[in-house]
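First comes the structure, then the notes that go with it.
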Amino acid sequence: MKRIFSLLLLVGISVHAQEYFPNNDDISAVSNITRVITNATIVTSPGKIISNGTIIIKNGKIEAIGNGISIPKNAVVEDAGGNYLYPSFIESYGDLSIKTPQRASSNGTAQYDEGRKGYYWNDHIRAEQSAMDYFMYDTKEAKKYVDAGFGTVQTHLHDGIARGNGMLIALDNNGTDADRILKQESGNFFSLSKSRQSNQSYPTSMMGGLALLRQTHFDADWYAKGHSKSKDLSLEALNAKKNLVQIIEAGNKKNLLRVDQLGDRIGKQFVIVGGEDAYEMIADVKATNAALIVPVNFPDAYDVSNPNLEWFVNLGDMRDWKQAPGNLMTLSKAGITYAVTTKDLKSPADLMSKLKQAIAYGLTEDQALAALTTTPAGILQITDMVGTLEKGKLANFIMTSGKLFEDDTEIYENWVKGSKHLIKDRSTKDIDGTYATTINGTTYDISIKGKGKKSTVKIDSITLGSIITYDGDWINIVTTQKETDNKSYTRFLATSQMNNLSGTAYLPNGQEIAFTAMKNKDASKDEDDEEKEDDDKAVKQMGTMTYPNIGYGSISKPTEETILYRNATVWTNEQEGILEHTDVLVKDGQIAQIGKNLSAGNARIVDATGKHLTSGIVDEHSHIAIDNGVNEAGHNSTAEVTIEDVVDHEDINIYRNLAGGVTSSQLLHGSANPIGGRSAIIKLKWGYKAEEMIYKDSPKFIKFALGENVKQSRSQNGVRFPQTRMGVEQVFEDYFSRARAYANSKNDKDFRYDEEMEVLLEILESERFVSCHSYVQSEINMLMKVAEKHGFRINTFTHILEGYKVAEKMAEHGAGGSTFSDWWAYKYEVNDAIPYNGAIMHSQGVLTAFNSDDAEMSRRLNQEAAKAVKYGGVSEEEAWKFVTLNPAKLLHIDDRTGSIKKGKDADLVLWNANPLSVTARPEITMIDGIVFFDLERDLGFRESIKEERQQLVNEMIMAKNKGMKTQTPKKKDKTLYECETIHW
Amino acid sequence: MNAKLFTGNMKTMKNIVYIISALFAITATAQQTPAPVQQGVYTIMNATAHIGNGEVIENSVIVIENGIITAIADATSVKMDLKGERIDGYGMHVYPGIIAMNSTLGLVEVDAVNASDDEREIGTFNPHIRSLIAYNAESRVVESMRPNGVLLAQIVPRGGRISGKSSVVQLDAWNWEDAAIRTDDGVHINWPSSFRRSGTWYELGPIEPSKNYKEQVTELTDFLNSAQAYNSTVTPVGLNLKYAALQPALNGDENFYIHVDGEKAIRDVLKFIKANNIKKPVIIGGREADKVATELVAMNVPVVAGRVHDLPAREDEDVDMPYKFPKLLADKGVMVALENSGSMERHQARNFPFYAGTVAGYGMDMEQALMMITLTPAKILGIDKKYGSLEQGKSATLFISKGNALDMRGNQLTRAFIDGRDISLDSHQTELYERYMNKFGAEIKR
């Protein structure tokens, strides 16, 4: 109400008073004058040009447009002088004129519950927000958009995971809100970032954000059917805004794919904001069928002139600089629908230079124009209003001096709803050239070039320092004369007419002399400039791209081979034990044959004489290759989240793990809460995308955790239940009881689908396995009892450092143990951790594995396995299984991997020595018969990385020398997650 | 005082005393008793002796008397009378005690328990801070070193620009005084970082060049110059513990350990060494020192290479850089030892032999790799007259292993001696192992 009132106020004092409004400050007068622009080159839409065209504007709309239109009487007519008219641009993703609410204050204590009543249980779901409620037109900010050529902005409050609807405004700075508001509801917005208006913890991770969006939509459907007993304004709003365009901010290509997948799950086709690096996975981006709103903030070159700083920049980031401007071209070629946005740009004014960069990489001018006009109009479903210059549409257009994307082109005017906004006086003349100048009867040859401080003025052959400024068709030149120590200045004030200048020169001695200057010829271009132009004409190339597109990626995606390992020592992990002088044939991604003197056929032969062939290492507990948070710590149970949503296929640690012989890993949720998230079990197929890495028909796993982490022992102000091991037991009791009740409610009329409960039910029904972070014997025992009571089995205790104290109980329960070989002393609950743990559990019949929980250790798990030989005398053959077959069994993937057996996946490692030796290192690591690590190839990568870096360094220095913007070198590292890392 | 209450209290007191002593009894059994001074003579026969200086005697005889190696020789070419207890070393290997450099053993018991943490004093310039007095000789972490052959350690305080002084200890002692084999071996400088990281600990921002670097280097130089000036006065005005503490190092009686990484910073350190006439400099960490090898060799500056079991420092770096780095340095003639500072450094210190083993896996000769954790650190620490190698006249600080001690499988100690004292290879961990194997009636293998 307040809002509307202030709006009325604004309207009241306006000269644009609406006709039925009383007017108290002047006499009433109708001002709907028809305006006409003639003699314009009109680009009505990309590729469609009317030369010498006329446009007739009335009531803010285009009344007529074309050639040979009769001009109505009583119209104001302007001659465009052949200048160009283009539809003005549309910004689809702004927050222009939206007042951002204040950040919620925090008292330092985590907030787990919602802060509002009557809304959704999570404060970050704010679908009820409406841009209108935060709207306060900001003329100054709007001017930046107007000056950059924009006529329409879809603006909304950038706050929350569900943000509510936006609005569409015309940037009529001459008008009032009554003129500007085109649509009060335009677009319904979502993001993966939390609201600043609340400190509610959940979600603490991106996977939590994705899960929250899923559940919110399930709940909205349920609510729409009238099942809820109470009011939920957020869900109501979400349902009410269903028919608006649904827009979500995702960011990079990986998040883009993630939100599209989310959309598939909840039955929504989002328009996705992001994909500035879509060129790296263009086929996948195309396959989403999503329309995109793409930022164009291509990175500046790194200033690498100091070699000491060069190393800060990864090859991948250097490539970003080189390749990102090719993104739009790549999107166009792929036929993807996209609009561009000024999001992430310092100012809308930077847009044009970014688009010119894109055009240099082969984007056509029509494509660039479309991304600013027709495509956003289409995406926002406002083609009836804007996007092209056609009869009946808003008179939103810009007048430019020439073709829009040409270097010298200037925007003169931006007309919004038929109202002219002057940007640059088009009477301003470019005076560059050589003039025959007559002063006091003497004629000098004066040549003038450039403007501002970059200008030069030459009199005959003497070059003078100069500053040239323009004001409309007036020119002001100040030249400097140096005479020994003194500097003196001459000022010229002149007006230009028909290429000639006439005015007055004000000499240093105070004399004023009239002068005239007749232009002989236009300024010639310097040779440098010409060279530059040639340079610029050739379409720029994006250069090397690899899978993934960082150092150690392959030029082509690695493919499967038929390979015969000849004469190896083969660690089968089967009854056959360790076979000397044995051949192994790999075909169709599988182990085809094991034996002596196998015939090679067309297989590539690898001489493995003196070498050891094993199945690949399986890491039961890893946190590599995870994006944006490993812990969803917002609740004490978060079964609804899954690491599968956030697998990062570009983490260099995947490659490093391969170099250490790892072929499969369970990427586990962290240990911040008793019931954590679901796992991703992956094969380390470096160069493949996340969904190809995740096991097909993957066994289902979830992380549980006990002890110090879940009871927040090291938090100064832990307030989340539980704070003791006693409480931990009850968390499980509570959730499993609830899951049972949930199962029984499935036929109820008001049944509400709950992803978390569905997952817990899978556990109760033994369809999903538990891998539980655990340390001391009491809690281990407790969880087994809870599981037994609820009729299921704990599949794996992970860490399990006191497993040796209850090994017989574990064996009886049927739980496996995946432990550290020798870690201890890092916290109180590992006081009694001993390196003999593995050997003791193994001796009592517990299926035992060693895991890493650490990106460094995971690449030498073979050494860790060897510690089972040292500590407790496990045989070498059995010790080796601790990091291969046993974890494969724990993960229920032993039918596919974990041993060398005919028909199993060819996940193999060729070692230079006994794999348990301290000197062992992998020479070849293959997965599914595809070689992903090869020592020779690795050495090649090192060379090519060096060469490519050098080449890009040269190019960046060149860019700097050309005067392009640079940025300070920065080294970007991925956060190394471990169990305890909380935060997003 | 009410008599009744008094007796009541007495009873409670007794109970408490009983409980406390019971607790101590448990702790006491978990703690190994330091071995007594050597009484008789030991002769180790027929073992392969890994001298620590790069040499090997395949079939050796080693005589230990009064804590000293009185003879070490090739058993096939030497005739001598066999004395004392004969230890059959056939098929086994003898090594000098491994030295854990730049460690914090005994300064922290449990990482996550603040009350057990004594490794880091507040303040920027703390040359007067001495690690030795906080060293807990009875730490359970310390005793877990010995079964792996780690018998000596340099105990280093952390934090600040100058963190304080380290001392060298042997790892089978009643108390710190007993443990010390070189008190105050040097002062530790944490060289300013030439870069800084933005972001938070949980989501790293990019690393950028540090703006404070020059200022911090100047501050450090000023501090040193002031200390020089203070110490060059015959009778210093007033008492300044911090400056005074630097005198031995400035005189060359103690080392200057400079913890530094990165080519540029190392070059700056070399300039700093020259400009301040630092007599005994040692670089710790030293990432990228291979690029400055010529200068390091010319100036005779040893490098204690950072943790071998580490990740490459950046995405593009060779995957095996931390593994092969010590060899890169050694190949260029730099004197190299190993250290393992970093996360979980204390309990991991028992993996020193395997760090050296890994270096051997990446091309280093196995005996040269051994030298990086024995004789070279002894030289750097200034204890090589007594420790670091199996040589006649040196301390009998050594151990016998069933196999290659630098390999996890071979590192099976049968005996270990510190100054000839026949030390226990048990720990609370081996006791727990045995206790539970006994509970399960399973065969103990160690």
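What is the calculated FRET efficiency for A:Met545 to A:Gln481, with r their C-beta to C-beta distance and R₀ = 45 Å, to the nearest 0.05?
Details: r = 56 Å, r/R0 = 1.24.
In this case the efficiency is close to 0.20.
How large is the translational diffusion coefficient of region B:98-387 in µm² per second when you combine the Kirkwood radius over alpha carbon pairs with Stokes-Einstein at 25 °C and 0.890 mPa s? Kindly include the intermediate steps, with their values, before the conclusion.
Details: Rh = 19.4 Å.
For the chosen part, D equals 126 µm²/s.
Applying 1/(1 + (r/R0)^6) with r as the Cβ-Cβ distance of A:Ile266 and A:Leu233 and R0 = 22 angstrom yields a FRET efficiency of 0.65. The count of lysine pairs in region A:320-428 with alpha-carbon distances below 22 Å, taking only pairs 8 or more places apart or on different chains, stands at 22.
Taking a straight line from the alpha carbon of A:Lys974, these aspartates and glutamates sit under 14 Å away, with near neighbours fewer than eight places off in the same chain left out: A:Asp317, A:Asp627, A:Asp648, A:Glu650, A:Asp651, A:Asp854, A:Glu856, B:Glu203, B:Glu315, B:Asp316.
Taking N as the number of residues in region A:617-894, what value does Rg over Cα atoms divided by 2.2 N^0.38 Å take?
Details: Rg = 18.0 Å, N = 278, 2.2 N^0.38 = 18.7 Å.
Here the Cα radius of gyration is 0.96 times the empirical estimate.
Here the Karplus relation 6.51 cos²θ - 1.76 cosθ + 1.60, evaluated at θ = phi - 60°, turns the backbone of region A:358-369 into coupling constants of 5, 5, 4, 8, x, 5, 7, 5, 5, 5, 5, 5 Hz, with x for every Gly and Pro.
Taking a ≥ b ≥ c as the square roots of the eigenvalues of the alpha carbon gyration tensor, region B:261-402 is oblate, as a/c is not under 1.5 and a/b does not beat b/c. Size descriptors for region B:51-96, from the alpha-carbon set: Rg then Dmax equal 10.7, 29 Å. Within region A:241-297, the percentage of alpha carbon pairs spaced more than 17 angstrom apart rounds to 28%.
By the Stokes-Einstein formula, at 1.306 mPa s and 10 °C, region A:87-422 with its Kirkwood radius over alpha-carbon pairs has D equal to 76 µm²/s.
Taking every DSSP helix (H) stretch of at least 4 residues in the protein assembly as shown, weighting each as -39,500 (n - 2.57) and dividing the sum by the residue count yields a mean residue ellipticity at 222 nm of -8000 deg cm²/dmol.
Where both partners of a DSSP beta bridge lie in the protein assembly as shown, what percent of those bridges are antiparallel, to the nearest 5? The partial results should precede the final answer.
Values: 163 of 252 bridges.
Antiparallel bridges: around 65 percent, rounded to the nearest 5.
Between A:Thr456 and A:Thr383, the distance separating the two model label sites (each 7 Å from Cα on the Cα→Cβ line) works out to 5.2 nm. Within the straight-line cut-off of under 21 Å between alpha carbons, the lysines reachable from A:Lys749 are A:Lys225, A:Lys229, A:Lys231, sequence neighbours fewer than 8 places apart in one chain being disregarded.
Under 16 Å from the Cα of B:Lys291, which lysines turn up, not counting those fewer than eight places away in the same chain? Cross-link targets: A:Lys946, B:Lys264, B:Lys271, B:Lys324, B:Lys327, B:Lys332.
Scanning residues 5 or more positions from A:Thr341 or on other chains, those with amide H under 5 Å from its amide H are A:Val294, A:Val296, with H placed 1.01 Å from N in the peptide plane. Given a cut-off of 14 Å, what percent of all Cα-Cα pairs of region B:80-136 lie beyond it? In whole percent, the long-distance tail amounts to 73. Name all residues of region A:460-500 having a backbone nitrogen under 16 Å from the label point set 7 Å from the Cα of A:Asn440 along its Cα→Cβ direction, giving them as ranges. Label zone hits: A:460, A:481, A:489-492. Rg over Rh for region A:845-984 works out to 1.13, using Cα positions for both radii and the Kirkwood form for Rh. If you restrict to DSSP beta bridges whose two residues both lie in region A:617-894, what percentage is antiparallel, to the nearest 5? Once the DSSP bridges in region A:617-894 are tallied, antiparallel ones form about 25 percent.
Close amide H contacts of A:Lys393 (hydrogens built in the peptide plane, cut-off under 5 Å, sequence separation of 5 or more or a different chain): A:Ile62.
Reducing region A:134-171 and region B:317-345 to their Cα centroids gives an inter-centroid distance of 56 Å.
How long are the three semi-axes of the equivalent ellipsoid for region A:95-224, computed from the Cα gyration tensor as the root of 5 times each eigenvalue, in whole Å, largest first?
On the way: eigenvalues 195, 54, 30 Å².
Result for region A:95-224: semi-axes of 31, 16, 12 Å.
Our summary gives chain A a relative contact order of 11 percent, counting only alpha carbon pairs under 8 angstrom and 6 or more residues apart.
One Cα centroid belongs to region B:191-260, the other to region A:343-395; the line between them spans 57 Å. Working note: Karplus 6.51/-1.76/1.60 with θ = phi - 60° gives region A:295-306 the couplings x, 10, 7, 4, x, 6, 5, 7, 7, 9, 5, 9 Hz, where Gly and Pro are set to x. For chain A, the longest principal axis of the alpha carbon atoms and the long axis of helix A:725-744 meet at an angle near 80°. Among DSSP bridges having both ends in chain B, what percentage is antiparallel? Round to the nearest 5. Close to 55 percent. For region A:344-354, 3J(HN,Hα) computed residue by residue from phi via the Karplus equation (6.51, -1.76, 1.60; θ = phi - 60°) reads 6, 6, 4, 8, x, 4, 6, 4, 4, 5, 5 Hz, glycine and proline entered as x.
With N set to the residue count of chain A, report its C-alpha Rg divided by 2.2 N^0.38 Å to two decimal places. Walk me through the intermediate numbers first.
Values: Rg = 34.9 Å, N = 984, 2.2 N^0.38 = 30.2 Å.
My calculation over the Cα atoms of chain A gives 1.16.
The long axis of helix A:206-224 is offset from the longest Cα principal axis of chain A by roughly 80 degrees. Charges were assigned to the Cβ only: +1 to each Lys and Arg, -1 to each Asp and Glu. The resulting dipole of chain B about its Cα centre is roughly 820 debye. Our estimate of slack between A:Thr364 and A:Gln716, defined as 0.36 nm per intervening residue step minus the Cα-Cα distance, is 120.9 nm.
Among rounded, prolate and oblate, which fits region A:369-491 when a ≥ b ≥ c are the square roots of the eigenvalues of its C-alpha gyration tensor, a/c under 1.5 means rounded, and a/b larger than b/c means prolate? Note, shape of region A:369-491 comes out prolate.
With both labels modelled 7 Å from their Cα along Cα-to-Cβ, the A:Glu512 to A:Phe218 distance reads 8.4 nm.
Please give the length that would be gained between B:Ala244 and B:Lys79 if that part of the chain were fully extended, namely 0.36 nm times their separation in residues minus their C-alpha to C-alpha distance (nm, one decimal). Please list the in-between numbers first.
Working: separation 165, 0.36 × 165 = 59.40 nm, distance 5.42 nm.
Fully extending the segment from B:Ala244 to B:Lys79 adds 54.0 nm.
Once the C-beta distance of B:Glu443 and B:Ile133 is scaled by a Förster radius of 51 Å, the resulting FRET efficiency is 0.70 to the nearest 0.05. For the pair A:Lys333 and A:Thr469, label points projected 7 Å from Cα toward Cβ lie 4.7 nm apart.
Each reported figure results from applying straightforward, stated rules to the coordinates on display, with no laboratory input. Only a predicted model underlies this, so the values are computations on that prediction, with no experimental measurement involved. Heads up, the Cβs are rebuilt from the backbone with ideal geometry, glycines too, and the neighbour counts pull from every protein chain shown.
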